[in-house]
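Working notes for the structure below.
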Amino acid sequence: MKIKEWGVWLAIALLGAYCIYDYTSAENVEPAKKQELKIGYLQITQVFEQFDMKQEMVEKLTKETNNLRAQVDSLAVGIQLLSESIKNEPTEELENALQFKRVQYYNKRQEYEKLVNEKTQAYDQEIVQRLNGLVQEYAETNGYDFIYGADGSGFLMYGEPGYDITQDVVNYLNTKYQGN
């Protein structure tokens with residue numbers, strides 16, 4: 001009797017395993033899960049540079065730093081003029097004035113470069129956050145399972161050109177960014 005009981009339990013176990021396998025097999029998975037993966041890649045640098053928000057941030061940065069840039073340029077012109085004056089008639093007073101202008105120029109240039117670097121980092125971070133959100137939205141809207149970024153870092157060494165969705169993504173990003 002014990003062999004029969006084992007046989008019954010073994011048959012039940014095998015039947016249960018088959019039912020579980022059959023239930024989880026590809027035939028019983030939702031149709032969306034059975035489809036092949038939709039994969040694409042994009043050229044990150046190209047997307048970043050062609051994104052309208054990037055262009056706007058460059059213009060904004062230029063406007064915000066123009067005044068300081070003009071001060072740096074003005075000091076550079078002042079240094080040139082003083083240098084010419086010293087060549088024509090060198091005096092200790094002009095030499096001291098030139099030295100003072102050079103220090104002013106150096107300090108103002110450092111201030112300008114620091115401001116540009118800080119604002120560029122802040123704007124780039126803002127742009128990347130916006131890009132990430134919009135690329136995710138693009139992927140979901142267009143049914144992509146994966147979108148890889150090709151940036152020359154070695155992560156994506158090759159991509160079949162047919163999978164390159166860079167321009168399509170750029171168009172989508174700019175349309176969404178512009179509110180359309």
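Given the options 135, 165, 77, identify the residue whose Cα lies farthest towards the positive end of the charge dipole of the range 36-177 (+1 on Cβ of Lys, Arg; -1 on Cβ of Asp, Glu).
Projecting each Cα onto the dipole axis, the largest value belongs to 77.
Straight-line reach from residue 38: which lysines have Cα under 29 Å away, leaving out those fewer than 8 places along the same chain?
Partners found: 54, 176.
Less than 13 Å Cβ to Cβ from residue 133, Lys/Arg counted +1 and Asp/Glu -1: what total charge do the surrounding residues give?
-1
Using 0.36 nm per residue of separation minus the Cα-Cα distance, give me the extension gain between residue 124 and residue 92 in nm, one decimal.
Residue separation times 0.36 nm, minus the Cα-Cα distance, leaves 6.8 nm.
None of the figures in this text is laboratory data; all of them are computed from the coordinates on show. Values in this document were obtained by computation on a predicted structure and should not be read as measured data. FYI the Cβ positions are ideal-geometry reconstructions off the backbone, even for glycines, and counts take in every protein chain you see.
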